Every structure is written in C-alpha cells, then in structure tokens.
Amino acid sequence: MNAVVVRLADGVATIPAAEWDACAGTGNPFVGHAFLAALETAGSVGARSGWQPLPIVLDGADGRAAAIAPAYVKSHSQGEYVFDHGWADAWTRAGGAYYPKLQIASPFSPVPGPRLLLRDTRKAPALLAAVQAVVDQNDLSSAHATFVAASQVPLFEAAGWLIRTGTQFHWTNRGYADFDAFLDDLTSRKRKAIRKERAAAVDGLTIRHLSGNAIEPRHWDAFWRFYQDTGDRKWGRPYLTRGFFPLLGKALGERVLLILAERDGVPIAGALNLIGDDTLYGRYWGATEEVPFLHFELCYYQAIDAAIARGLTTVEAGAQGEHKLARGYAPVTTYSAHYIPDANFRRAVADFLLRERAAVAVESDYLGEMTPFRRVNRTDRSSTR
C-alpha cells in the first residue's frame, strides 16, 4: 500500500490556485481559491482574527493535492453561524480548554458546500483520518465541519463524526420565465403583498446590477459603508476588512453581483452576491437610509430576478430568517459534523444532538406548511432532508 502524504499548509494562498481548485471545483465560490485567498490577503483571517488558516492537504501520486480540508485553528466561536458556545461553556466548567479548536469551513459564510475538497474521492477517509490526527496530536478539544454539503454527510458519518442539523431558507427556480411567473405560483394574497412591497421599496429609487469591471472603486466605497453599518447594528465589529471587497471583485469578476439602490444617483443601500454554477448566493447587505421593504427588495426579490435571468436553479440568501418564508423561500435542512475525542464529552454532545435533530425536523415540517405557495404546489416546496 502506498504511504499517505499529509502536509499542513501555512494558508490557502501558499497553494497554487490551479491545484486548489482542481480539488474544490468551480460550483461553489466560497470554497474556491479566489475567495479564501482573498480573505487571507486582506487580513480578514489570520492569527489576530482568531481564524488561523491551516489547510490539511493529502498529496496524490503525482505530487499534487488530491484532497484538501479548508481548516482553521479557532480561538473563539464567532463567525461560524453554527453555535457551540454552550458546548464551550460546559467543557470549560468540566476543567477542559475548548479553545483552540479546529474548524473546517468557509469563514464568515453560512453557505452549504463541500468541506472535503476531493480531486480523488477515494481520499476522503484518509483526509478525515488526517484531520482527526491533527486534533489528537495537538491536544485540541474538537474539530467542526460546518455547513457540510448533504452529499458529503455520509463521509463524516462513516468516520464516526456527530451530525448536527439546522434550517435555512432557499428559493427554488421551477423554470420561471420571469418574476411574474414565480408570483403566479403564490396565493393571491401573497402575490398582492409582494407587489405592494416591491413598489414601496423602489419608489424614488434606481436599482442597478453591477458585475466585473462595472464595479468601480466608488461602488466599493459605498458598499463598505453599508457593510459597516450592518456590522455595527448586528454584532459590533465587521469581520471583513475594507480591502477584501475589491480583491474579491478582481478575483471573481463576473461571478460577483453587486445590487445597489440609488437615490438621485447616490447609493443608499446595497447587497453583495456571488454566483456559482447553479446558485446565486446572497451574502452581505447594508444601508445608510431606512426605506421600508428595501432589504427584502435587494436581498430577496432582486436576487430572484437575477437568478431567473441567468437560468440559475437556487437562491441562498444567508442564515436564518423566517421572514423569508412569506417571500417564497422554503425551509431546507443544513448539516454540520463534529469530531470530539473525549468519550464523556462526546456522549453528552451526542445526546444533545439527538434531541436537537428531532426538534429541528418538527420545526422544519411546520415551516414547510407556512410557505406562500398555492396548495397544489406546496408539496414540491417543503423542506428537504
């Protein structure tokens, strides 16, 4: 049997982009080299942020990466969107040190996707064994893979990792020709409500969709103000640095979609999206002027317009948000996987997750009945697990 060659890289940027993307693929930009390297270059991740990049790489017989875990050593639990603060408190009260821990994720991005980047799918068990060895040999409390693509959950289960579920709200394109065709699938009351919201949101405003070279420095300046405003109101300090956004725009070009609302030529609000092979991912939003329903317009309805125009099948508009239900976004189950070496701690977490998964399933079924679709279509838009 050939020996498995494992290496710990100093960061994503130290690995050639072509080598990384041969493992990550092109479908999900949040695990691509361009996005993750831009976070490093801009200083959004690094030792001072509490996200220390530590990609775990398995080399193939050709000497190039055959499998990669986009891992980070974490000194806190911020920016993950799968909350384990209670676990940290319990482990600390028991006399343990929960931090540092290992996080396999796309930082600050509650976007489901592959967490084992596999040029050679046969390397998955060896990659997970390597992750576990890093935890064990460095006396880390645990490893966590958050927002794991559903197709990869069995790989983690086979390795004995604990599985956690959650709920997001995604919009699905059923071959709609335009936004009105989508509205035709909704109940009459919801159609009228959405049309009223859209009209009120854009009254006196101009909406612009910008990608690639059309996004100028002045647009990034405006969006940075929006992003800071949202950060100040929600969590006190924005995770991303000012330099990240133009770096991302340059690296991803037409796969970046910036939607701006302007009043008399001056941007007052914006939503930043990334475009995958079949999905539009809404990520960041902000505004410097309070306008009723403008958040819904830029983040949800304009995203649907953009997805239909591009023939995309899905819009993922970020974490949480039951208010998305009334706007045609249906509940979808999300997954994370957790490796906990200590037997007693693992047993306690496993018991918690068993009860939590049952509660999440019941809630998801309930939410699936609250979508605004006409009854004849509703069964096609219920939660998926």
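The values are calculated or read from the model by the stated rules, or taken from the named source; none is laboratory data. In this text the structure is predicted, and so the values were computed from the model without any measurement. Positions of Cβ are generated from backbone atoms using ideal geometry, with glycine treated the same way; all protein chains shown enter the neighbour counts. We work out accessible area using only protein heavy atoms, side chains counted, and drop any ligands, DNA or RNA first. Shrake-Rupley method; radii C 1.70, N 1.55, O 1.52, S 1.80 Å.
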**OP:** Could you give me the percent of Cα pairs per 5 Å distance bin for the range 155-239, shortest bin first, beginning at zero and ending with the bin that holds the maximum distance?
**Re:** 3, 9, 9, 11, 15, 16, 15, 12, 8, 4, 1, 0
**OP:** Would you please classify the overall shape of the range 88-145 from the alpha carbon gyration tensor, given that a ≥ b ≥ c denote the square roots of the eigenvalues, rounded means a/c under 1.5, and beyond that prolate means a/b larger than b/c while oblate covers the rest?
**Re:** oblate
**OP:** Would you mind working out the accessible area per residue for the range 27-88, using a 1.4 Å probe, and quoting it in Å²?
**Re:** 31
**OP:** Below 26 Å Cα-Cα, how many Lys pairs turn up in the chain? Only count pairs eight or more apart in sequence, or on different chains, if you could.
**Re:** 9
Subject >> Distance from the range 96-132 to the range 4-36 (C-alpha centre basis), Å >> reply: 12
Original post:
Using the per-residue mean of other Cβ atoms lying within 10 Å as a proxy for protection, in what order, highest first, do the peptides 183-194, 250-261 fall?
Top reply: 250-261, 183-194
Subject >> Approximate spin-label separation Gln137-Ala358, in nm, with each point projected 7 Å along Cα-to-Cβ >> reply: 4.1
**OP:** At most 14 other Cβ atoms within 10 Å and a DSSP loop assignment: could you name the GluC sites (Glu not before Pro) in the range 283-368 that fit?
**Re:** Glu289, Glu290
**OP:** Using the Kirkwood radius over Cα pairs, work out the Stokes-Einstein diffusion coefficient for the range 70-168 at 4 °C and 1.567 mPa s, in µm²/s as a whole number.
**Re:** 91
**OP:** Skip the ligands, DNA and RNA, and give the accessible area per residue of the range 270-369 with a 1.4 Å probe, whole Å².
**Re:** 39
Subject >> Ranked packing of 47-58, 77-88, 128-139, most packed first, by mean Cβ within 10 Å >> reply: 47-58, 77-88, 128-139
Original post:
Using θ = phi - 60° and the Karplus form 6.51 cos²θ - 1.76 cosθ + 1.60, what ³J(HN,Hα) does each residue of the range 302-307 get, whole Hz, x for Gly and Pro?
Top reply: 5, 5, 5, 3, 5, 5
Original post:
Which FRET efficiency value, to the nearest 0.05, is calculated for Ala159 and Thr241 with the Förster distance at 45 angstrom and r the Cβ-Cβ distance?
Top reply: 0.80
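What is the ratio of the Cα radius of gyration of the range 1-40 to 2.2 N^0.38 Å, with N the residue count, to two decimals? Present the calculation step by step, with values, prior to reporting the outcome.
Values: Rg = 11.7 Å, N = 40, 2.2 N^0.38 = 8.9 Å.
Compactness ratio reported: 1.31.
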Original post:
Given only helices, namely DSSP H runs of n ≥ 4 each adding -39500 (n - 2.57), what is the per-residue ellipticity at 222 nm of the chain, to the nearest 500 deg cm²/dmol?
Top reply: -10500 deg cm²/dmol
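Work out, step by step, the length gained on full extension between Asp10 and Lys250: first 0.36 nm times the residue separation, then minus their alpha carbon distance; give nm to one decimal.
84.1 nm
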Original post:
If you count the DSSP beta bridges with both ends in the chain, what percent of them are antiparallel, to the nearest 5?
Top reply: 90
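Subtracting the Cα-Cα distance from 0.36 nm times the residue separation, let me have the gained length for His323 to Arg64 in nm, one decimal. Please list the in-between numbers first.
Working: separation 259, 0.36 × 259 = 93.24 nm, distance 4.56 nm.
Difference between extended and current length: 88.7 nm.
Could you give me D for the range 118-173, from Stokes-Einstein at 20 °C and 1.002 mPa s, where the hydrodynamic radius is the Kirkwood radius over C-alpha pairs? Units µm² s⁻¹, please.
On the way: Rh = 13.1 Å.
Calculated translational D: 163 µm²/s.
Just how many % of Cα pairs in the chain lie over 32 Å apart, if you round to the nearest whole percent?
Values: 26640 of 73920 pairs.
Percentage above 32 Å: 36.
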**OP:** Give me the accessible area per residue for the range 131-227, probe 1.4 Å, as a whole number in Å².
**Re:** 46
Original post:
Roughly how many percent of the accessible protein surface of the range 1-153 is carbon and sulfur, given a 1.4 Å probe and a whole-percent answer?
Top reply: 55
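Taking square-rooted eigenvalues a ≥ b ≥ c of the alpha carbon gyration tensor, is the range 189-330 rounded, prolate or oblate, where a/c under 1.5 means rounded and, failing that, a/b exceeding b/c means prolate? Mind showing how you got there, number by number?
Numbers: a/c = 1.44, a/b = 1.23, b/c = 1.17.
Rounded is the answer for the range 189-330, as its axis ratio a/c remains below 1.5.
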Original post:
Taking the Cα-to-Cβ direction at His209 and at Ala129 and moving 7 Å from each Cα, how far apart do the two end points lie in nm?
Top reply: 4.8
